[in-house]
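A short write-up of the structure that comes next.
The values are calculated or read from the model by the stated rules, or taken from the named source; none is laboratory data. These numbers come from a predicted model, not from an experiment. Please note: Cβ atoms are built from the backbone with ideal geometry, for glycine as well, and neighbour counts cover all protein chains shown.
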Amino acid sequence: MESNIVRIFDTTLRDGEQSPGATMTAAEKMEVARALARMGVDVIEAGFPAASPDDLEAVRRIALEIGNSEDGSTVPVICGLARTIEGDIDKAWEAVKGAAHPRIHTFIATSDIHMKYKLKMDREQVLDQIARMVAHARELCEDVEFSPEDAGRSDPEFLYQALEVAIEAGATTLNIPDTVGYTMPDEFGALIAGIIKNTKGIEKCVVSVHCHNDLGLATANTLAGIRAGARQAEVTINGIGERAGNTALEEVVMALHARRQVMDLGTNIDTTQLTRLSKLVSNYTGMSVQPNKAIVGANAFAHEAGIHQDGVLKNTLTYEIMKPETVGLSASKLVLGKHSGRHALKERLISLGYTLDEESLNKLFDRFKTLADKKKTITDADIEALISDEIYQN
Ligand code: KIV
Ligand code: ZN
C-alpha cells in the first residue's frame, strides 16, 4: 500500500445501522454495499454476525455477491465485527469467508471504566483474552483487525501493551476508536503519534482511526489521526451511527481531496458518487440530511447572499472550495431570497428566457425585493408571476 493513500473503511452497515431507527432491510443493505463497492471503498464492514441470524445472513450474502467479482475487477475487503469471544469470531468467519478478501474485526474495551463496570475484568484478564482471541481469529482468517474499545479514554501505556499483544497474536490492522467522542483533535493526534512511536511491531500493521461525533469533532479527530500517521479511516455515509453518529465518509474524503496539494494524501474513492450514496442511505434509513450538512446537505453548494452570488457568478472559486461536479452535482445553486442581488436575478431571468432592459430590470428588482421580504425563497414560478404582472401593468 502506498503510504499517501488513506484506506476508507465504511461501517454504514454496522455502526451506522446502530443509529436508533436506521435499520435497513437485507435488500437495502445489499444495494448500499453494491453502491459502496462501486464508489471504491476499500473495506465494507457489513455487520455484526453474532448480533442476529439476519445480520449473519446479510453479511454472508454481501461477502458472496459484493466481495467477489466476475470480471476480475477489484472488490473491497468484506469485514464482520466480533467481540473477543470465540462464538462471535466463529460466526464472523462463517459470514465473511465467502469473500475474495475476508476480514474479521474483533474488539474489547481497554479503558478502566469499561473494564471495571462493563467487563468486570482486570488488565491481565483483558490482555489474556486479546492474545487468545486474536490468535483464534488469525487461525481462521489472514486479515484480522483489532480494536481496543474506548481507546480515547484508555491509559496510553496500557493501550501500547494491549496493541503489542494483538500484534504478537497476528492482528494486521490496529483500529483506535474514540468510542464516546470525548477527545479533542490535538489529543487524538497525539494519541495516534504516541501509539506509532511506542508500540513494538506496529510498523507491520495498518493503523486505523474510528471516531464518534458526540462533541461534533469526529471529522477533525479523524483528520488529526491521519496527520499523525493513521492510514485507514472508519466512517459512515452521512455520519450516521450511535448517538451523535460516526465520522462522515464524505467529509473525510473531500477534506483529503480538497487539500490534496497541501496534505499530499488521497483515497481510492470516486467522489462523484458521494451525493448519490448520501441520498440512497438517507432514503433507506429514513434519516434526513440536515440542509447545512457539509458536502451533501441541500445548501452545501447554494448561495443566497448578494455579495456571494455576485462573486460566484464572476468566478466560482471566490466562494466555493470544491466544484459541485466533484461530488456528483450538476451545478451550484443560486437561491433567490431577500439577501440576493440584482446580478443573480438577472442571471435567473436569462436562464428562464427573459432579457430585460436596464429600466425594466430595476423595476422588477424592486418588486422582487418586496416579495422576498414576505417569502423565504423566491421560486421560478414567483419570478414568472412578477414578469407577467410587469407586462400586464405596462
Ligand atoms: O466505537 C467503537 O468503539 C466501535 C468498535 C466496535 C470499533 O464501534
Ligand atoms: Zn463505533
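Out of everything in segment 108-129 that is in contact (Cβ under 8 Å) with a residue 24 or more places away in the chain, assigned to a helix (DSSP H, G or I) and not polar (S, T, N, Q), what residue ends up being nearest to D155 (Cα to Cα)? Top of the filtered list is D112. Once segment 124-151 is narrowed to residues that are of a type in the set (G, A, S) and buried (at least 22 other Cβ atoms within 10 Å of the Cβ), the residue that is nearest to ligand 2 (Cβ to nearest atom) is S147.
Under the condition of being closer than 17 Å to R61 by Cα and part of a loop (DSSP other than H, G, I, E, B), the residues counted in segment 24-50 number 3.
Of the residues making up segment 358-376, one or more are over 26 Å from L277 (Cβ atoms), surrounded by fewer than 11 Cβ atoms within 10 Å (Cβ to Cβ) and in contact (Cβ under 8 Å) with a residue 12 or more places away in the chain. Of all residues in segment 66-82, those being at pLDDT 95 or above and under 23 Å from the mean Cα position of the chain (by Cα) number 10.
Listed here are the residues, each with its yes/no results for (1) in contact with a Leu (Cβ under 7 Å, 6 or more places away or on another chain); (2) farther than 22 Å from D15 by Cα.
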site	(1), (2)
Y160	no, yes
V165	yes, yes
T172	no, no
N175	no, no
C211	no, no
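Listed by first and then second residue, the pairs with beta-carbon distance under 6 Å, at least 6 apart or on different chains, first residue in segment 245-259 and closer than 9 Å to V235 by Cα, second away from ligand 2 (no atom under 16 Å from the Cβ) and not polar (S, T, N, Q), are E250/L274; E250/I295; E250/V296. In segment 92-107, the qualifying residues are those that are crowded, with 24+ Cβ neighbours inside 10 Å and touching a helix residue (DSSP H, G or I) at 6+ places or on another chain (Cβ under 6 Å), and the one that is nearest to P148 (Cα to Cα) is T106. Pairing each residue of segment 314-330 that is without any contact (Cβ under 8 Å) to a residue 40 or more places away in the chain and β-branched (V, I, T) with any residue that is part of a helix (DSSP H, G or I) and surrounded by 14 or more Cβ atoms within 10 Å (Cβ to Cβ), provided the two are 6+ apart or on different chains, yields C-beta distances under 8 Å for T318/H308; T318/G311; T318/V312. Among residues of segment 276-299 being among the β-branched types (V, I, T) and over 18 Å from A22 (Cα atoms), the one that is surrounded by the fewest Cβ atoms within 10 Å (Cβ to Cβ) is I295.
The set of residues in segment 85-112 being within 16 Å of ligand 2 (Cβ to nearest atom), among the β-branched types (V, I, T) and in contact with a strand residue (DSSP E or B) (Cβ under 6 Å, 6 or more places away or on another chain) consists of T106, T110. Residue selection: A33 fails the criterion of being among the aliphatic types (A, V, I, L, M), within 16 Å of ligand 1 (Cβ to nearest atom), farther than 22 Å from L174 by Cβ and at pLDDT 95 or above. Among residues of segment 238-264 being surrounded by fewer than 18 Cβ atoms within 10 Å (Cβ to Cβ) and away from ligand 1 (no atom under 13 Å from the Cβ), the one that is farthest from N221 (Cα to Cα) is Q261. Looking at I78, I5, just one residue is β-branched (V, I, T) and buried (at least 18 other Cβ atoms within 10 Å of the Cβ), and that residue is I78. Restrict the check to segment 221-234 and report whether at least one residue is crowded, with 23+ Cβ neighbours inside 10 Å, charged (D, E, K, R) and modelled with pLDDT of 95 or more. Checking segment 221-234: at least one residue is crowded, with 23+ Cβ neighbours inside 10 Å, charged (D, E, K, R) and modelled with pLDDT of 95 or more. Pairs are defined by a Cβ separation below 6 Å, a sequence spacing of at least 6 or placement on different chains, a first member in segment 220-234 that is among the polar types (S, T, N, Q), and a second member that is more than 16 Å from ligand 2 (Cβ to nearest atom); the pairs so defined are N221/P185; Q232/R7; Q232/V206.
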